[in-house]
Every structure is written in C-alpha cells, then in structure tokens.
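The values are calculated or read from the model by the stated rules, or taken from the named source; none is laboratory data. Quick caveat: nothing in here was measured; it's all calculated off a predicted structure. Because the Cβ atoms are built from the backbone with ideal geometry, glycine has one as well, and the counts that use them run over all protein chains shown.
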Amino acid sequence: MLGKKRSLSLVLMILLLFAGYNIKAEDVVTTNQNALIYKIPITGEIDQGLLKLVERGFQAAEEEQADLVILEVDTFGGYVDAAIGIKDIIFKSSLSTVTYVKGRAWSAGALITLAGETVAMVPGSSIGDAETRPKEEKYISALRKEFKATAESRGKNPDLAAAMVDADLEVEGIIASGKLLTLTAEEAVTYNIADLMVNNLPELYRAMNIKPARIVEIEMSSPEKAARIITKPTVTTLLVTIGVIALIIEALMLGWGVAGTVGLISLGVVFSSYIYYGVAGWGLLILFLIGLILLALEIFVIPGFGITGLGGIAALFTSLYFLFPTPEIAFSALATVLILSIVATVILLKFFGGSRFWQRIALGESQTKEAGYLAQEDQKDLVGKAGLTVTPLRPAGIVDLSGKRVDVVSEGGFIDRGRVVQVVEIEGNRIVVKLKEGEDS
C-alpha cells in the first residue's frame, strides 16, 4: 500500500513538473521584456506609395527579425488594390502584427486593420464605412468577400466585416439594412471586431506584456513623398497636361528651348514616379515615346494626317490610360488632357501664327503675279518644262519655272531643295513633277 502511495506521488510530481514547464513556455511566448518593435504609419490616402512604404517596412523588420510590427492606422481610405496589397504583405509575414487604430480606419483602412493579428483601438476611434466607388454590385460583392475572408482568418466577426461594405446586409440589433456599418472602438471590442481598447501605445505594450528595447519608426523619404504626390490622379493629370502643352509650344516655335525641356521633364517625372512604385513598367514609357515619335513624323515629315498621326495619338493615350488606378479616373483624366491641349493649341496658334512652324504649314505671302506665281490659265503649257525646287517637296512644295514660282507635288516621294525637276502632269490646279532625267535620286 505504501509503495502504491509512493508511486502515485511520483506520478503527480512528474505531472506538476510538466505543468510548470508548460506555463513557463507560454509565458515566454506572450512576454517579451527586450522587444524590437517596428512602427509603420497607415495615414493619409491609401495608395501605391503607402503600399511601397509598408513593403519596405516589413522587409526591414524581417531582416532584423523584429518581435512586433505595429501599423498605426488613421485614414479615410483610398484605393482597394493598394489596401489588398498591404493586407497580403501582413498575411504573408511571419512576424507578429498589431493594427493600432488611433483615429479612423474607414473604407480601405478597415480592411488593413482587420488584417492584423491583434486589433487595438483608441477611445474615440472608429472603423468601417467601406463603400465602393463606383457603387456597383460586382465591386461590392468582391470587396464584401475580401472583408469577410480577412475577418474569418483573424477570428473576427465576418458578418459585421461584410456589413461594412454592403449596405443591403442586416445584422439584428447592430445595423439595419440600407446603412453601412461603422463601429466605435468600444463597439468594435464588444462585437469582436477589435481585441482591446487602449489609450496609447505604452498602455498597449503593458496589455501585451511587452517592454520595448528599441522602436524603429518607418518614414517616407523625400523622394517617396514626392512620388506619392505625383502619382495622385489630379497631380498626374496636371503634369501630363503641362507636358503636352509645352511640347506643342515647342513644335510651334521649332528649334529646341525651354518649353521642350519643361515638357520632357514634366512627363519624365510622371513616368519615373509610376515606374518607381511598380504601377507602370518601362514598356509604357517606350509606348509613350513611340507615340511622340509618330506624331513628330506626321507633323514634320509626312504630309497630311493619316495612319502615322492616328497611331501616335493612340500610343500616347494608351500609355497614359494604364497609369491611372481605375478606368473611370483614366477616361476623366485623358478627356481633361485632350480638351485643355486643344484649347491651348488654338490659343497658341492665335498668338504664334507667324512662327517659323506656321510659316512652314501655311502660305506666308499672297500668291500674286507680282510675286512670281502663275494663275491656272497660265499653267496649260507647263507640261515638259523643267525648273529648280525652291523648297523641299514633301511631296508638296514650290518650284521655280522660268522665274515663276509654282506650287507643285512630286510624283514620287521627297525631293530636296535645289534639284532640277520636270512637269509631267497637270490635273486642275495640281501640277505633278518628277526629277529630271540625269538627276541623281
């Protein structure tokens, strides 16, 4: 009997030792008295710039094996694709994460908040109001599922998360149909959207039993701040418009000067910012440059307006279209650029109609007999006559026929200035010439 008691006591002692070991192991997991913490701000508009910042912050935190990443949220929302990108970064990371709402976590900001392993909110903060734009069923359905799946994966209330997106959803006792759900910090904790409510970060650390040894705050560099401003649709539209108008001015004035430089810098800044954030690739920049080259050929080399000009315009607008986050914004921006460019061109032609370029595409003098021009009745006997090109024929230009300046069109392609040509055909007012035999082509 005594042996049985001793055996039972030994078993109990072993069980107590294992129990004590388990408790200590759990304490090690939840307690960190020498923690390395990374803080990443989720503030302002959620866009590609913020996505790039979060990506850089998590990369640095993972390289240093940080104990905790805190995302400080205070935003009215922004673009869904950028928010989903940030959510994916949080989910893929092996680091512990806290989304700390110190103001508003609305719209796309609510999705980022739900992605945190722990959601903490400051009294007076709020979360929700994730209305899609445009407000169409296909967008509502997709975002509703995204919110619901994110909440489910983090053990939060999926129905309330979905109600933040879809006004048709009703949650009895919380939100009626026809309204989007927005919760205060206290409500979010009560209804299992947030985990805890704290007044500040030190209180959060105490609640999580963490003592920070070092806190690294990720901030945007000056180039990143500039690129983030430039990639806003309104700023992009403005810079593209300035660039296009500046190039138009340069075309009207000919040569190369301040306007051309300003135009290229403006467009270069736009494309470099979008390439930096990964929104655009080098292919779009190349497509844009091809469009500029085709338009230049149409204006300065190829007469009339045909496939080359249309192709140039199509290339330009296609490259610009893919810079913007949604088709609606893209069409609105391109329409603005087109209208302002046309208005600017009309105004510029009015003031610079006598420029060198205008003189190349319009007659700068009256075509009188005193000036050496021939009337139609004087052109009957010109077939077979030879003359010297006064201007290049592209294919239209001016030829000197026995001291008379005559508007002609070349039978072939380009004929340079100072070449001997011969009239081969007359059709109404159209005088057709070709290089005289013996002249090198």
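Annotation note: Cβ proximity below 7 Å between a residue of region 73-95 that is on the phi > 0 side of the Ramachandran plot and a residue that is among the aliphatic types (A, V, I, L, M) (sequence gap 6+ or interchain) occurs for Gly77/Ile46; Gly77/Ala108; Gly78/Ile46; Gly78/Ala108.
Applying the set (1) surrounded by fewer than 20 Cβ atoms within 10 Å (Cβ to Cβ); (2) hydrophobic (A, V, I, L, M, F, W, C); (3) touching a residue at least 24 places away in the same chain (Cβ under 8 Å); (4) assigned to a helix (DSSP H, G or I) to Leu267 leaves exactly one unmet item: (1).
Filtering region 108-151 to residues that are under 22 Å from Leu68 (Cα atoms) and touching a Pro at 6+ places or on another chain (Cβ under 9 Å) leaves Thr150, Ala151.
A quick yes/no check of all residues on (1) surrounded by 18 or more Cβ atoms within 10 Å (Cβ to Cβ); (2) charged (D, E, K, R); (3) closer than 27 Å to Gly291 by Cβ; (4) in the same structural domain as Leu340 (by TED's automatic domain parsing):
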{"residue": "Asn200", "(1), (2), (3), (4)": "no, no, no, no"}
{"residue": "Lys211", "(1), (2), (3), (4)": "no, yes, no, no"}
{"residue": "Arg228", "(1), (2), (3), (4)": "yes, yes, yes, yes"}
{"residue": "Thr231", "(1), (2), (3), (4)": "yes, no, yes, yes"}
{"residue": "Thr234", "(1), (2), (3), (4)": "no, no, yes, yes"}
{"residue": "Leu238", "(1), (2), (3), (4)": "yes, no, yes, yes"}
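Go through region 319-340 and count every residue that is farther than 15 Å from Val270 by Cβ and part of a helix (DSSP H, G or I). Result for region 319-340: 8.
For every residue, the table says whether it meets (1) modelled with pLDDT of 80 or more; (2) surrounded by fewer than 17 Cβ atoms within 10 Å (Cβ to Cβ).
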site	(1), (2)
Ile361	no, yes
Val383	yes, yes
Ala386	yes, yes
Leu401	yes, no
Ser410	yes, no
Glu425	yes, yes
Lys436	yes, yes
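The residue that is nearest to Leu285 (Cα to Cα), counting only those in region 250-270 that are modelled with pLDDT under 75 and of a type in the set (Gly, Ala, Ser), is Ala251. Only residues that are at pLDDT below 80 and loosely packed, with under 14 Cβ neighbours inside 10 Å were counted across region 271-302, and they come to 4.
Test Pro134 against the stated conditions and say whether it is assigned to a loop (DSSP other than H, G, I, E, B), in the same structural domain as Ala66 (by TED's automatic domain parsing) and farther than 30 Å from Val216 by Cβ. Considered against the rule, which asks whether it is assigned to a loop (DSSP other than H, G, I, E, B), in the same structural domain as Ala66 (by TED's automatic domain parsing) and farther than 30 Å from Val216 by Cβ, Pro134 comes out as yes. Does at least one position in region 106-122 carry a residue that is in a loop (DSSP other than H, G, I, E, B), charged (D, E, K, R) and modelled with pLDDT of 95 or more? Checked against the condition, which is being in a loop (DSSP other than H, G, I, E, B), charged (D, E, K, R) and modelled with pLDDT of 95 or more, region 106-122 yields at least one hit. Examine region 148-166 for a residue that is surrounded by fewer than 23 Cβ atoms within 10 Å (Cβ to Cβ), among the basic types (Lys, Arg), in contact with an Asp or Glu (Cβ under 6 Å, 6 or more places away or on another chain) and assigned by TED's automatic domain parsing to the domain that holds Val73, and state whether such a residue exists. No, because not a single residue in region 148-166 is surrounded by fewer than 23 Cβ atoms within 10 Å (Cβ to Cβ), among the basic types (Lys, Arg), in contact with an Asp or Glu (Cβ under 6 Å, 6 or more places away or on another chain) and assigned by TED's automatic domain parsing to the domain that holds Val73. Hey, does region 172-192 have a residue that's crowded, with 20+ Cβ neighbours inside 10 Å, touching a Gly at 6+ places or on another chain (Cβ under 9 Å) and closer than 30 Å to Gln33 by Cβ? Taking every residue of region 172-192 in turn, at least one turns out to be crowded, with 20+ Cβ neighbours inside 10 Å, touching a Gly at 6+ places or on another chain (Cβ under 9 Å) and closer than 30 Å to Gln33 by Cβ. Is region 205-213 home to any residue that is modelled with pLDDT of 90 or more, part of a loop (DSSP other than H, G, I, E, B) and either over 25 Å from Ile46 (Cα atoms) or among the β-branched types (Val, Ile, Thr) (or both)? Scanning region 205-213 turns up at least one residue that is modelled with pLDDT of 90 or more, part of a loop (DSSP other than H, G, I, E, B) and either over 25 Å from Ile46 (Cα atoms) or among the β-branched types (Val, Ile, Thr) (or both).
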